[in-house]
Amino acid sequence: MSEVKISAATRTEFGKGAARRIRRESKVPGVLYGHGSDPVHLTLPGHDLLMALRTPNVLIALDIDGKSNELAIPKSVQRDPLKGFLEHVDLQLVKRGEQVNVEIYVHTEGELAPGGNLLEHVLNALPVEAEATHIPESVTVSVEGLTAGDSILAKDIPLPKGTTLAVEEDTVVLQVLAAQAEEAAEGEETEGDEAAEA
């Protein structure tokens, strides 16, 4: 996992007006918290932060006011629902060697057994605990040959060394559904609606 260096500045202005001014300057307001310390309100460069957030669970090395080097991971990112630009970011302070709870994306590979079955992602992201400087970006699991009724549990997913589950082992992450059963259920609902209308 790579570190991304970002220069940030502490801010003393708060509220919607101040946040709008910050965003007009192509910057993003943020808060750094953790380890029992008081939250630090920051202004971060918009483009650099946007590029960094393309990597899931990115480790950010913050240079605050040119003197304070802190490590942080993004915990909450607010985007404009229409334009997609960053509105605000919450960063959690971490230390090298510290274990942190994060969610990592679950990717699948392989083909389901023939028969028009559907793969449902019960969890899109898997809660795990990992060392702050070695957080995996994602995990990959094979669904090759799975049929309707099959499921993949959290304990079935291979995790990188040093990463452990932060969820019950028997939690269903992926399951295979029979497409025909769903279509039949939809057909029954339609017939019921027609009967009610008549």
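Rule-based calculations on the coordinates, nothing more; no lab input. As the structure is a computational prediction, the values presented were derived from the model and not from experiment. Cβ atoms come from the backbone with ideal geometry, glycine included; neighbour counts cover every protein chain shown.
For the chain, DSSP calls about 70 percent of its internal beta bridges antiparallel.
For the stretch 53-117, what does the equivalent ellipsoid look like in terms of its semi-axes, each the square root of 5 times an eigenvalue of the Cα gyration tensor, given largest first in whole Å? If you can, show how the numbers build up before the last one.
Values: eigenvalues 225, 71, 16 Å².
Each semi-axis is √(5λ); the values are 34, 19, 9 Å.
Charges were assigned to the Cβ only: +1 to each Lys and Arg, -1 to each Asp and Glu. The resulting dipole of the chain about its Cα centre is roughly 2140 debye. Over the stretch 1-107, the fraction of Cα-Cα pairs per 5 Å bin, rounded to whole percents and listed from the shortest bin up, is 2, 11, 24, 26, 19, 11, 5, 1, 0. For the stretch 79-128, the fraction of alpha-carbon pairs lying more than 17 Å apart is 67 percent, rounded to a whole number. Computed from Cα atoms, the angle from the helix 179-197 axis to the main principal axis of the chain rounds to 80 degrees. Separation of the stretch 23-49 from the stretch 51-111 is 12 Å, based on Cα centroids.
Taking amide H as placed 1.01 Å from N in the peptide plane, the amide H of Leu71 sits under 5 Å from that of Leu62, Val94, each at least 5 places away or on another chain. Candidates Ser76, Val122, Leu153 compared by Cα position along the dipole of the chain: farthest toward the positive end lies Ser76, with charges placed on Cβ.
What shape does the chain take by its C-alpha gyration tensor, where a ≥ b ≥ c are the square roots of the eigenvalues and a/c under 1.5 counts as rounded, a/b above b/c as prolate, and the rest as oblate? Oblate. For the stretch 138-145, backbone phi angles converted through the Karplus equation (6.51, -1.76, 1.60; θ = phi - 60°) give residue-by-residue couplings of 6, 10, 10, 10, 8, 10, 3, x Hz, Gly and Pro being listed as x. Cross-link pairs exceeding 30 Å in C-alpha to C-alpha distance, out of Lys5/Lys155; Lys95/Lys161; Lys75/Lys155; Lys5/Lys161; Lys5/Lys83; Lys75/Lys161, comprise Lys5/Lys155. The Asp38 and Glu144 beta-carbon pair, evaluated with R₀ = 35 Å, returns a calculated FRET efficiency of approximately 0.10. In this rough spin-label picture, where each label sits 7 Å from Cα along the Cβ direction, the Leu153-Glu137 distance is 3.1 nm.
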